[in-house]
1. Quick one: if you stick a label point 7 Å off each Cα along the C-beta vector at residue 157 and residue 31, how many nm between them?
2. Would you list 41, 181, 175 from fewest to most Cβ contacts within 10 Å?
3. Can you list, largest first and rounded to whole Å, the semi-axes you get for the stretch 173-255 by taking the square root of 5 times each eigenvalue of its Cα gyration tensor?
4. With a bin width of 10 angstrom, please list the P(r) values of the stretch 261-310 as percents of all Cα-Cα pairs, from the 0 bin to the one holding the largest distance.
5. Is it possible to state the helix-based mean residue ellipticity at 222 nm for the chain, with each DSSP H run of 4+ residues giving -39500 (n - 2.57), the sum divided by total residues, to the nearest 500 deg cm²/dmol? What is it?
6. Principal axis extents for the stretch 161-310, Cα atoms only, whole Å, descending order, please.
7. If one computes the Cα centroid of the stretch 234-295 and of the stretch 86-161, what distance in Å separates the two points?
8. Regarding the chain, what are the three Cα extents along the principal axes, ordered largest first, in Å?
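Values quoted throughout were computed directly from the atomic coordinates according to the rules given, and no laboratory measurement underlies them. Note that this is a predicted model, so its numbers are computed, not measured. Every residue, glycine among them, receives a Cβ derived from its backbone with ideal geometry; neighbour counts consider all protein chains shown.
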Amino acid sequence: MRIALAMFALAACSGRSVPPPTPIGPPAPIVAPSANADDLSVAQVNGRPVWGSCVTAQAARGRTRDIALRECIDFELMAQAADARGLATDPDVVDATRTALVNQLVANAYEDSFTKPENFGDKWDRLVERNLFPFKHEEFRASTYVRVPLGETATPEEDAAAHALADKIAAALASETGMLSPQFVELAGRAAGLPMVKTGEEPKPARWVEYADVEPRVPRALYKSYADALWAIPEVGRASPAVRTKWGWDIVLFSELEPAVDTKPDELARRMMPEVKRSYFMLWVNEITKHLGITVELYKDNIARLEDAQ
């Protein structure tokens, strides 16, 4: 690092011609400010102070006091060399200064000030509700069914025949445990002695048994008799007796469990805080706009030109 600093200082004094940067705003401040009223000036470089807070900060990174002091002096030398080159108005320097200002505002006025649910006022509950599912929800169950289908106009005789076939399939599966969906469908097809057709697929043979997977759902999101059968199954990998639904006679496999989650309030606040802070940030920025009376005007024609350029 010392070598790099020395080379930078030599380059700054070499007298080479460097094209001046195009200014884009007021120059970035060059004179180092004191950390507080008790900060000590430990040296001067061409009349500008080197502060003890800089030495302390460098020493905290593992330097000796003398090396830390030398680094702070070298830093001031580089700052003055950059100023002499006109780099205080360099677009990158000015933009970096603006970025540092924004970062400091966010760190002090947002990150450090919004750390508890009460800091968000009445918006906390709404923001939590929007992102609550991973931390608080009832039990979900995924399933697969095999179905002996019936139309809405099925006769009692047709219903009885479908029921008998569904009972035959259910009886063949009743003692099976640990079934996965493909195995369940295969065993049901053997028991039925009919082609297995996924629900919605065409064309269909003259007689068939259909099947489909059902994503994890709560009981109220399912047909009632189907939900009752699914929630009566004692463990994942087992199948229900035949049950009448709107679409025919079903045998239901309990294929996957997503247990209920009920995170306690303190733990919920801790785990939800990062997501709530991300969600609340734009609301906070809008409040700044209102508080300062700032207006934002969009020039749509110019924006469209930028898009054309891309």
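1. With each label point 7 Å from Cα toward Cβ, the separation is 10.6 nm.
2. Exposure proxy ranking, most exposed first: 175, 41, 181.
3. Listed largest to smallest, the semi-axes of the stretch 173-255 are 21, 16, 11 Å.
4. 20, 23, 26, 18, 12, 2
5. -14500 deg cm²/dmol
6. 75, 48, 25
7. Value for the Cα centre distance between the two parts: 9 Å.
8. Each principal axis gives a Cα extent; for the chain these are 105, 48, 45 Å.
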